[in-house]
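So the structure is just underneath, and the comments pick up after that.
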């Protein structure tokens with residue numbers, strides 16, 4: 001299984017992270033254009049959140065295997081300000097930045113598994129996993 | 001990565017050639033808004049056929065392009081959303097409301113022909 005770490009310091013890293021994510025997703029067995037796009041979009045949004053809220057962090061991409069299933073795990077980590085109210089942040093349409101209000105609920109919809117750990121002053125770690133579907 | 005902007009009569013056509021960085025997107029936005037004035041264009045087509053990811057920044061910038069160009073008196077139509085991109089956008093809640101879209105370049109031109117007729121410039 002492979003691991004790729006993409007440091008996220010500049011907005012150009014967002015593009016690098018999702019392109020590498022797409023490549024790794026193909027390697028682990030994702031082939032439908034929809035799945036590849038969903039994965040790339042999720043990575044893009046998570047990397048973008050890091051830049052926007054924490055200025056820097058990293059996206060770690062792992063190919064994983066469990067119970068005969070193969071998949072891709074995305075871990076977006078930063079040591080930024082943290083999220084004060086995770087439940088609020090997970091509400092659809094909520095956004096502190098006045099943007100389109102997508103953010104985390106959107107990423108959760110795109111992926112199969114989603115977990116977020118965040119502490120004020122300590123940072124945020126978002127883990128999102130997508131499994132290769134049997135039809136691919 | 002430069003985005004070529006072509007003039008077709010009174011329209012501008014911006015064709016995204018490859019995945020763009022945030023800076024590239026902002027450059028296209030500013031170039032289109034400037035050129036609408038320079039060439040007195042009545043319509044703008046932004047062709048996103050090549051994009052296989054449309055994230056929140058790209059969506060926001062497309063929306064800004066359409067609104068800024070409308071302030072300058074011209075109409076914008078975005079064309080070429082791939083099926084999987086359309087799916088991802090809807091899942092993510094990015095609806096691009098208030099922005100005209102069409103299937104492809106041909107449909108985009110037809111749309112602009114219809115909508116700029118009524119402006120009668």
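The values are calculated or read from the model by the stated rules, or taken from the named source; none is laboratory data. Computed from a prediction, not measured in an experiment: that's the story for all the values here. Don't worry about glycine lacking a Cβ; one is built from the backbone with ideal geometry, like all the others, and counts go over all protein chains shown.
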- Would you check which residues across the stretch B:43-69 are touching a strand residue (DSSP E or B) at 6+ places or on another chain (Cβ under 7 Å) and more than 14 Å from residue B:103 (Cα to Cα) and list them? B:43, B:44, B:62, B:65, B:66, B:69
- Message: Could you check the stretch A:80-109 and list, in sequence order, the residues that are out of contact with any strand residue (DSSP E or B) (no Cβ under 7 Å at 6 or more places or on another chain) and modelled with pLDDT of 90 or more?
- Response: A:81
- Message: For the stretch B:78-97, give me each residue that is more than 8 Å from chain A (Cβ to nearest Cβ) and within 22 Å of residue B:13 (Cα to Cα).
- Response: B:78, B:79, B:80, B:81, B:86, B:96, B:97
- Query: Among the residues of the stretch B:14-22, is there at least one that is outside any helix (DSSP H, G or I), surrounded by fewer than 15 Cβ atoms within 10 Å (Cβ to Cβ), within 13 Å of chain A (Cβ to nearest Cβ) and on the phi < 0 side of the Ramachandran plot?
  - Reply: yes
- Item | Where a residue in the stretch B:76-93 is free of Cβ contacts under 8 Å to residues at least 12 places away in the same chain and its partner, wherever it lies, is in a helix (DSSP H, G or I) and surrounded by 21 or more Cβ atoms within 10 Å (Cβ to Cβ), with Cβ under 9 Å and at least six apart | B:87/A:37; B:87/A:38; B:91/A:38; B:91/A:41; B:91/A:106; B:91/A:110; B:93/A:106
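Listed here are the residues, each with its yes/no results for (1) modelled with pLDDT of 95 or more; (2) within 13 Å of chain B (Cβ to nearest Cβ).
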position: A:6; (1), (2): yes, no
position: A:11; (1), (2): no, yes
position: A:15; (1), (2): no, yes
position: A:20; (1), (2): yes, yes
position: A:26; (1), (2): yes, yes
position: A:32; (1), (2): no, yes
position: A:36; (1), (2): yes, yes
position: A:39; (1), (2): yes, yes
position: A:43; (1), (2): yes, yes
- Item | Matching option when the condition is part of a loop (DSSP other than H, G, I, E, B), at pLDDT 95 or above and exposed (fewer than 15 other Cβ atoms within 10 Å of the Cβ), among B:40, B:7 | B:40
- Task: Could you check residue B:115 against (1) modelled with pLDDT of 95 or more; (2) farther than 27 Å from residue A:11 by Cα; (3) surrounded by 13 or more Cβ atoms within 10 Å (Cβ to Cβ) and say which number it fails?
- Result: (1)
- Message: So the check is Cβ under 6 Å with 6+ separation or different chains; which pairs have a first residue in the stretch A:110-133 that's free of Cβ contacts under 8 Å to residues at least 24 places away in the same chain and a second one that's surrounded by 14 or more Cβ atoms within 10 Å (Cβ to Cβ) and outside any strand (DSSP E or B)?
- Response: A:114/A:108
